[in-house]
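K.L.:
Please find one structure pasted underneath; my questions will follow.
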Amino acid sequence: MEDFPDMYQGKDPEDIESFQGERRKIIQPTSLKDPKLEKLKSVLVNWINSTLKEEHIVVQSLEEDIFDGLILHHLLGRLAGVLLSVEEIAVTSAAQTRKLEVILEALNEKLGLQDSSLSRWSVKLIHSKDLLATLHLLVAMVRCFQPNLELPPNVRVEVVLLEVNRSGIKSEKEIEILTDESDSATDALSSSDSEDPIEQLLKLEPHKINTVKRAIMHFVNKKMSTLGLQVTDMEKQFSDGVILLLLIGQLEGFFVPLYDFNITPVNATEMLQNVTVALDLLNDIGLPTTNIEPQDIVSQDVTATLKVLYALFKKHKSR
C-alpha cells in the first residue's frame, strides 16, 4: 500500500474520496502528450462535429463536452435513429446522471454489449469526465456506426490502476490499448499478401469480421441509396442476384437491361440465372470469380457472398 502518487498530490481530498473502494484507471500525464493520442482525439472531435453539423452542435473538448449526455444523445439519434424521452439540457448533476443512464443503456444495446459491467465505460466514469472511458466509448461507436472512418492505428496509453481505501492508494502501471495495430480490418485485408483475403478474414476475431461486414454494408447502402434500396441482410438479399446486378451497374456506370435478368425471380432457377449473369459481368470488368459458383450465392453462403462484395468494395471504396 502506498501514499498518494505524485500526480495526485495536492488534489482535493473529496476527489480522492470519490474513488473510495474502487479500482480506477487514470491516464499518465506523459501519455496525454502522446501525438497518437492527440490525433485520435482530433479525429473523434471532427467525426462528432461532422455528424452533428446539421444540428449546429460543435464539440471542442472530449473531456468537457461529453459528460452531460447532450452530445451522446444527439449522436445516438443521428447514427442509430434512436429517439429517447430525455430532457434536452440537463443542468443539475442528478439530472445529468439520470439522462446518461438512459442513453448508455440504449447505446450499450446498439453496441451489442450484453453485460454493461464488462464495458470500459459507465455512467459514473462518463459523468466524471474520465477521458479513458470517454475514448473507449467513442471508439466503440465509430466501429459500430461508421466503420469506414479511419482511426489512428496502434494508439496505446500508459495508465495507473488505482485502488483506493482509507489507508491510501494501491497503484500499478499498465498499458491500455485504444485502437488496434490496424484499426480498420478492411485495411488489414487490403494490404494482405493472401490470395484469398476473405478466407483470411474468417479466421479473425468475430469483432473484426463484423467490422468488415458493416463497412461493406455501409458501402453498398451508400451506393444503392439513389435507387431507394437498402440492404440489411447481406446473405439473404443478394441470393436472388437482383441487388447484386443493380449494384454492379451503379458502381460501373452502366445500365443492365431488364430483359437480361429476372427483376422479380420466383424460383431457384431464375435466381441462379440472375447470379450467373452477375458473375459473368464481374469477370468482364476484370474481377475474376472462378472460385465462386452461382449456386453458392443462391444458397446464401456467407463466404461466397463476401468474396463478391469485397472485390467490388476493394475496387470502388475510394471512388
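The values are calculated or read from the model by the stated rules, or taken from the named source; none is laboratory data. Because the structure is a prediction, the values reported are computed rather than measured. Backbone-built Cβ (ideal geometry, glycine too); neighbour counts: all protein chains shown. All accessible areas refer to the heavy atoms of the entire protein, side chains included, with ligands and DNA or RNA removed. Shrake-Rupley method; radii C 1.70, N 1.55, O 1.52, S 1.80 Å.
K.L.:
Using a 1.4 angstrom probe with every protein chain in place, what is the largest-first accessible-area order of Trp121, Trp47?
P.N.:
Working: Trp121 30, Trp47 5 Å².
Heavy-atom accessible area, descending, gives Trp121, Trp47.
K.L.:
Once R0 is set to 22 Å, what does the formula 1/(1 + (r/R0)^6) return for the Cβ-Cβ distance between Ser225 and Thr264, expressed as a FRET efficiency to the nearest 0.05?
P.N.:
0.55
K.L.:
Using the heavy atoms of the protein chains and a 1.4 angstrom probe, tell me the accessible area per residue for region 59-150 in square angstrom.
P.N.:
It amounts to 48 Å² per residue over region 59-150.
K.L.:
What is the spin-label model distance, in nm, from Ile89 to Asn283 if the labels are put 7 Å beyond Cα along the C-beta direction?
P.N.:
6.5 nm
K.L.:
Give, in nm to one decimal, the length gained when the segment between Ile175 and Glu64 is fully stretched (0.36 nm per residue of separation minus the Cα-Cα distance).
P.N.:
Length gained between Ile175 and Glu64: 37.5 nm.
K.L.:
Turning to a different aspect of this structure: In Å and whole numbers, how far do the C-alpha atoms of region 197-316 stretch along each principal axis, longest first?
P.N.:
Cα extents, longest axis first: 43, 29, 27 Å.
K.L.:
Not counting ligands, DNA or RNA, and with a 1.4 Å probe, what is Ile292's accessible surface area in Å² rounded to the nearest 10?
P.N.:
Counting only protein heavy atoms, Ile292 exposes about 20 Å² to solvent.
K.L.:
Whenever you get a sec, compute what percent of the accessible area on region 22-179 sits on carbon and sulfur atoms (1.4 Å probe).
P.N.:
50 percent
K.L.:
Give the distance, in whole Å, between the Cα centre of region 268-319 and the Cα centre of region 76-141.
P.N.:
40 Å
K.L.:
What is the gain in length, in nm to one decimal, between Glu150 and Asp301 on full extension, counting 0.36 nm per residue of separation less the C-alpha to C-alpha distance?
P.N.:
That works out to 51.5 nm of additional length.
K.L.:
Same structure, new question: Measuring from label point to label point, each 7 Å out along Cα→Cβ, what is the Glu158 to Asn210 span in nm?
P.N.:
If labels sit at Glu158 and Asn210, their model points lie 3.4 nm apart.
K.L.:
So what is the relative contact order of region 22-179, in percent, for Cα pairs below 8 Å that sit 6 or more residues apart?
P.N.:
Averaging sequence separation for qualifying contacts and normalising by length gives 31 percent for region 22-179.
K.L.:
Hey, another quick one. If I stretch the segment between Glu109 and Phe254 completely, what's the gain in nm (0.36 nm per residue apart, minus their alpha carbon distance), one decimal?
P.N.:
48.1 nm
K.L.:
To the nearest whole percent, what portion of all C-alpha pairs in region 22-179 is separated by more than 26 angstrom?
P.N.:
When every Cα pair of region 22-179 is considered, 26 percent fall beyond 26 Å.
K.L.:
What is the distance, in nm, between label points placed 7 Å from the Cα along the Cα-to-Cβ direction at Glu55 and at Thr232?
P.N.:
The modelled label-to-label distance comes out at 2.2 nm.
K.L.:
Still on this structure: Assign one of three labels to region 46-106, namely rounded, prolate or oblate, based on the Cα gyration tensor with a ≥ b ≥ c the square roots of its eigenvalues; rounded applies when a/c is under 1.5, prolate when it is not and a/b is larger than b/c, and oblate otherwise.
P.N.:
Judged from the Cα gyration tensor, region 46-106 comes out oblate (a/c at least 1.5, b/c at or above a/b).
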